[in-house]
Amino acid sequence: MPHNILVIEDEPTLSRLLTYNLSQEGYTVDTADNGSDGLAAATGRRYDLIVLDIMLPGLSGFEVLTKLRQQGDRTPIIILTARNAENDVVQGLKLGADDYMTKPFGVAELLARVSAVLRRTQPKDGEPAAVETVQEKVISVGDLRIYPEKYEVALGGESIVLRPKEFEVLLYLVQRPGMVVTRDDLMNVVWGFDYVGGQRTVDVHVSSLRKKLEMNQQSVQIDSIRGVGYKLVVSKKS
């Protein structure tokens, strides 16, 4: 079955270009030219991937992204931005985007990113999703409780809301408490070997995850190992 992709882009020429090239690759493509219609389309049908422009009339791309993630929608999203400001990229990743492209971009690169995101987010036929390989229904580390099948986390009895990639980063770290995990390891396991983004993506997600874990207590924290990566540290009191 072909993958279903939703393109939310208000520039007619670019929208037509994306639709044509994605269709040529065998994808089924729907489009929306504003944030409100895009959000309605995304919530009204299941898509395998969404290509989302940030600068949209009505609801902005950030607002669409936020509302989808708040609703528990984990559809992979690639954001498009015409601005080179690093803050836009960081904000998009923090809100739950899976990848980004800065305009202007080559169609070949976009198609490569679409293919890469789909490969790492869609389980192969007959294979379970990566998170289902975890045997335990509950993983406990100190005061931290992780429920892999439900993508839920609780710390000290209080629920913590995590983005999908934040959850997968945490899941990988808690299986190796006290061990140093390199950025390359996290990139390969969580985003896939064919991910074409940089290690900045890992740093952004770990930074956001660290703040959420340390918001109310210090029983579990993520330490940075300069020039290497990260490790999960559990307080001795826990």
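The values are calculated or read from the model by the stated rules, or taken from the named source; none is laboratory data. Everything numeric in this text was worked out from a predicted model, so none of it was measured. Cβ coordinates were reconstructed from backbone atoms using ideal geometry, including for glycine residues, and neighbour counts include every protein chain displayed. Heads up: the accessible areas ignore ligands, DNA and RNA and are worked out on the full protein's heavy atoms, side chains in. Shrake-Rupley method; radii C 1.70, N 1.55, O 1.52, S 1.80 Å.
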Most positive-pole-ward Cα, Val89, Gly229, Val141, against dipole of the chain from beta carbon charges: Val141
Degrees between helix 164-174 axis and first principal axis of the chain (Cα, 0 to 90, nearest 10): 30 degrees
Per residue, in Å², the accessible surface of the chain once ligands and nucleic acids are set aside, probe 1.4 Å: 50 Å²
Per-selection Rg to Rh, region 51-116 - Cα, Kirkwood hydrodynamic radius: 0.95
Choice from Phe105, Phe167, Phe62 with maximal GNM fluctuation in the chain (Cα, 10 Å cutoff): Phe105
Top of Pro148, Pro164, Pro12 by mean-square fluctuation, Gaussian network on the chain, Cα under 10 Å: Pro12
Cα-based convex hull, the chain, per residue volume (Å³, whole number): 130 Å³
Fraction of beta bridges assigned by DSSP in the chain that are antiparallel (%, nearest 5): 50 percent
Per residue, the convex hull volume that the Cα atoms of region 1-80 enclose (Å³): 74 Å³
Charge dipole (debye, nearest 20) of the chain; +1 at Cβ of Lys and Arg, -1 at Cβ of Asp and Glu: 840 debye
